[in-house]
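The values are calculated or read from the model by the stated rules, or taken from the named source; none is laboratory data. Being a predicted model, the structure only gives us computed values, none of them experimental. Heads up, the Cβs are rebuilt from the backbone with ideal geometry, glycines too, and the neighbour counts pull from every protein chain shown. What goes into the accessible areas is simple: the full protein's heavy atoms, side chains included, and nothing from ligands, DNA or RNA. Shrake-Rupley method; radii C 1.70, N 1.55, O 1.52, S 1.80 Å.
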Amino acid sequence: MNAKGRGRLAIVGGTVVVRDHAIENGVILIEDGRITFAGPSTGARPEPASAIIDATGQLVLPGLIDTHVHGSHGDDVMFSDAQGIRRISRAQLRYGTTSYLPSTVSAHHEDLLRALEACVEAADDTEPAAEIIGVHVEGPFINKNRKGAQPVETIRDPDLDQCLEYLRAAPGLVKIMTLAPELPGGLELIRLLIEHGVVASLGHSEADYETALAAIEAGATHATHLYNAMPALHHRQPNLTTACLNEPTIRAEIVLDGIHVAPEMARLAAKIKGREGLIL
């Protein structure tokens with residue numbers, strides 16, 4: 001039985017992870033493609049299931065949504081065609097990701113358009129795969145001094161006409177754009193993105209605190225990899241990083257691999273932002 005089809009599916013025996021705790025020997029019931037129960041086995045309704053999955057010894061979690069995926073297993077959003085991006089989508093399932101945003105990097109205008117068109121084509125996939133629910137355009141309108149791993153030769157100041165071309169290349173699919181608000185035209189770019197329903201994300205930037213606040217006032221609500229490719233925290237020089245931590249309207253991505261961000265700094269961010277304010 002397909003979970004999206006008709007019938008009743010039971011997932012039994014595993015540790016079911018819900019919002020605030022984990023349930024040992026839990027049960028999840030799915031009826032006609034919708035979860036109707038997640039809890040202890042003693043609370044499950046006794047009607048027979050069309051199919052049963054034994055998850056003993058496993059964690060059972062909701063499908064993950066990843067807002068920032070550049071590639072996997074040799075495929076890259078910028079260099080693969082639609083079929084390569086479909087392979088990325090299928091590979092996500094093994095990590096529990098059921099929907100995601102393929103993410104670009106700074107590139108020449110024509111190359112970025114081609115990548116966006118490939119994402120549009122790849123979103124039409126009949127095979128079991130994580131669903132492409134949008135695209136995260138990371139650059140090219142970022143600060144060269146905070147480029148990180150991005151190719152410096154394709155980084156440029158905001159160009160509103162180019163931005164509109166990106167939105168037209170993937171109609172309704174561009175969901176997030178990372179930009180540096182201190183660049184000429186940065187605040188205007190934020191306003192343009194908000195006007196078209198795109199989340200403006202602050203990142204790859206060395207904005208000071210006042211510029212960061214102006215960007216938030218213009219409509220920015222997201223931050224790309226908190227701490228990384230941003231100014232370091234300083235007790236006399238508040239900056240973009242400080243604003244991302246201070247301002248409750250900013251939801252910040254943070255890379256929790258133990259390398260990009262020290263665990264102590266991750267704990268600091270978690271204490272300040274809370275779970276609603278961070279995207280792992």
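Values computed for the structure shown
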quantity	calculated
Filtered residues of the range 127-163 (kept if aliphatic (A, V, I, L, M) and part of a loop (DSSP other than H, G, I, E, B))	Ala129, Ala130, Ile133, Ile142, Ala149, Ile155
Residue in the range 92-100 that is touching a residue at least 12 places away in the same chain (Cβ under 8 Å) and either more than 30 Å from Gly139 (Cα to Cα) or of a type in the set (Phe, Trp, Tyr) (or both) present	yes
The range 158-178 - residue that is within 14 Å of Pro102 (Cβ to Cβ) and small (Gly, Ala, Ser) and, of those, least open to solvent (accessible area, probe 1.4 Å)	Ala170
Those residues of the range 252-267 which are surrounded by fewer than 18 Cβ atoms within 10 Å (Cβ to Cβ) and not in a loop (DSSP other than H, G, I, E, B), in sequence order	Pro263, Glu264, Met265, Arg267
The range 12-26: number of residues that are closer than 13 Å to Ala44 by Cα, open to solvent by 30 Å² or more (accessible area, probe 1.4 Å) and assigned to a strand (DSSP E or B)	1
Checking Arg236 against (1) open to solvent by 60 Å² or more (accessible area, probe 1.4 Å); (2) in contact with a Leu (Cβ under 8 Å, 6 or more places away or on another chain), the condition it does not meet	(2)
Scan of the range 27-69 for residues that are touching a helix residue (DSSP H, G or I) at 6+ places or on another chain (Cβ under 8 Å), open to solvent by 40 Å² or more (accessible area, probe 1.4 Å) and closer than 28 Å to Leu226 by Cα, ordered by number	Leu64, Asp66
Residue in the range 196-210 that is under 21 Å from the mean Cα position of the chain (by Cα), aromatic (Phe, Trp, Tyr) and either more than 20 Å from Leu160 (Cα to Cα) or not in a strand (DSSP E or B) (or both) present	no
Members of the range 198-234 found to be without any contact (Cβ under 8 Å) to a residue 12 or more places away in the chain and over 19 Å from Val261 (Cα atoms), listed by number	Glu210, Glu217
Qualifying position, being at pLDDT 95 or above and surrounded by fewer than 22 Cβ atoms within 10 Å (Cβ to Cβ), among Ile133, Ile155	Ile133
Every residue from the range 268-279 that is within 20 Å of the chain's Cα centre (by Cα), assigned to a helix (DSSP H, G or I) and in contact (Cβ under 8 Å) with a residue 24 or more places away in the chain	Ala269, Lys273, Glu276, Gly277
Search result, residues across the range 27-49 that are part of a strand (DSSP E or B), in contact with a strand residue (DSSP E or B) (Cβ under 6 Å, 6 or more places away or on another chain) and either over 28 Å from Leu280 (Cα atoms) or among the charged types (D, E, K, R) (or both)	Glu31
Lone unmet requirement of (1) surrounded by 15 or more Cβ atoms within 10 Å (Cβ to Cβ); (2) modelled with pLDDT of 95 or more for Asn145	(1)
